[in-house]
1. Within the range 151-160, is even one residue modelled with pLDDT of 95 or more and open to solvent by 20 Å² or more (accessible area, probe 1.4 Å)?
2. Search the range 203-230 for residues that are free of Cβ contacts under 8 Å to residues at least 40 places away in the same chain and hydroxyl-bearing (S, T, Y) and pair each with any residue that is open to solvent by 50 Å² or more (accessible area, probe 1.4 Å) and assigned to a loop (DSSP other than H, G, I, E, B) when their beta-carbon atoms are under 9 Å apart and the residues are at least 6 apart or on different chains.
3. Any residue that is open to solvent by 40 Å² or more (accessible area, probe 1.4 Å), at pLDDT 95 or above, under 23 Å from G292 (Cα atoms) and assigned to a helix (DSSP H, G or I) - is there at least one of those in the range 219-229?
4. For the range 34-72, which residues satisfy the criterion of being surrounded by 21 or more Cβ atoms within 10 Å (Cβ to Cβ) and assigned to a loop (DSSP other than H, G, I, E, B)?
5. I need a count of the residues in the range 421-437 that are in contact with a Phe, Trp or Tyr (Cβ under 9 Å, 6 or more places away or on another chain) and without any contact (Cβ under 8 Å) to a residue 40 or more places away in the chain.
6. Give me a count of the residues in the range 164-192 that are open to solvent by 10 Å² or more (accessible area, probe 1.4 Å) and touching a Pro at 6+ places or on another chain (Cβ under 9 Å).
7. Run down P366, P450 and say which single residue is of a type outside the set (F, W, Y) and at pLDDT 95 or above.
Amino acid sequence: MVGVLVVGGCTDEGFRAGAGDAGDPYVPGAGNGGYDVDHYGLTIRYDPADDRLTGQATVTATATQGLSRFQLDLAGLTVDRVRVDGDPARHRRDGRELVVTPAHGLPAGRRFTVEVAYGGVPRQLPSGELGGGGFLATPDGAIALGQPESASTWFPVNDHPSDKATYDLAVTVPDGLAALANGVPKGTESRAGWTTWRWSEGSPMASYLATLVIGKYRVSTGTHAGKPLVSAVAAGLPADGPAAASVARTGEIADFLAARFGPYPFDAYGGIVVADERIRYALETQTRPVYGPGFFRGGRPNPVVIAHELAHQWFGDSVGLARWRDIWLNEGFATYAEWLWDEHDGGRGVAAAFADAYAATDWAKPSVDPGRAGMFGDAVYQRGALALHALRRAVGDETFFRILRGWATERRGGTATTDDFVGYAARVAGRPLRPLLDAWLVGPTAPALP
């Protein structure tokens, strides 16, 4: 009987199962419905000797409907125990889903807590044409990283960017290893050959932006603009090499971007450079981007990639995505930030970058809704940046940067869509902008140069 849960001889009217999918066709099966997560409290122990992880996750959420049961994304790990509001709950696995049936239905609007004890050997999460993401064992530790999905390989999660939450993380690893994550450092403590590293991210964060990097790293701690700045470079990379020199400019580059986009949106700064050649990308993991080693070849620093990932702290992290079809709101903005920084740092000017990208663009490929296979293609990055510069030329510098600053402020800590941005830009500019932005973002032929 739909909408009725029978528990222990009684009936709870109006309760039903939460959806086991966020409904985003770019990541089928990821995310869940029926609740919004407020906070993840994660206590993890990891031993590189056998790659085993044991974890205790405390997930605090609010029901958005009457729930008879709900699901969390969790791939490949074994669940030992689940409690809901302190009471034992039935649970079962359904592929990469953890299905939880609480002892009693959860009314809409009810704040509840789920405790999950789990463990095993984490694995990467194959993503077909997008490659693998998730928990990757290394010779001296591990790297948990990936877009659009990764978190479900190391903790139970609502793994879709539309459901942001705050985080507290305590990670215990063998002495001598670092355990680096997002947010503000909360100290370390050692006992019996093991060290626990604590981190806290108090601003809402999408799950794919959560990271955990374990291993031998040179960790630098300090402050910038009154906030902690924690950076780390893999011990296998030169202490005076291009990677270290690039990450050392994090504060300077963040200040440059803040002058154009508005105040830096988080309580900590930093960056992590890994040495693992399997990480062939950089990712804007919140407050502490992770950079693969390939960005620092040739003996020269690469501050442009630092500018790209730091720009995401405003556009992609603080202002997040409601759906992956609008990923240009992340990557187009970050690419444009590259152009701005490169010009400021004595490199190629923005006008030249615009001309080069315009000449190379395949206008048959749209920036908005590029398809799953096109999520990380040039149309998203370069064409998205072209659209922003076309907007700048159309409305003028003062209005353009007022749009960017206001957008970052109005949507801080939330999510947005392309329609939201177009509407906001039009309100600030005081004129319709849909035809202009449609031509540059999705039009099938090259727009006339503004």
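1. Within the range 151-160, not a single residue is modelled with pLDDT of 95 or more and open to solvent by 20 Å² or more (accessible area, probe 1.4 Å).
2. Qualifying pairs under 9 Å: S220/A248.
3. Looking for residues that are open to solvent by 40 Å² or more (accessible area, probe 1.4 Å), at pLDDT 95 or above, under 23 Å from G292 (Cα atoms) and assigned to a helix (DSSP H, G or I), one finds none in the range 219-229, hence no.
4. G34
5. Count: 4.
6. Residues flagged as open to solvent by 10 Å² or more (accessible area, probe 1.4 Å) and touching a Pro at 6+ places or on another chain (Cβ under 9 Å) within the range 164-192 amount to 6.
7. P366
Here's the yes/no breakdown for (1) modelled with pLDDT under 95; (2) closer than 19 Å to L257 by Cα; (3) out of contact with any Ser or Thr (no Cβ under 7 Å at 6 or more places or on another chain):
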residue	(1), (2), (3)
P370	no, no, yes
G374	no, no, yes
V395	no, no, yes
T409	no, yes, yes
Y424	no, no, yes
A429	no, no, no
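The values are calculated or read from the model by the stated rules, or taken from the named source; none is laboratory data. These figures come from a predicted structure and were not determined experimentally. Counting neighbours? That spans all protein chains shown, and the Cβs are built from the backbone with ideal geometry, glycine included. Just so you know, the surface numbers come from the protein's heavy atoms only, side chains and all, with ligands and any DNA or RNA stripped out. Shrake-Rupley method; radii C 1.70, N 1.55, O 1.52, S 1.80 Å.
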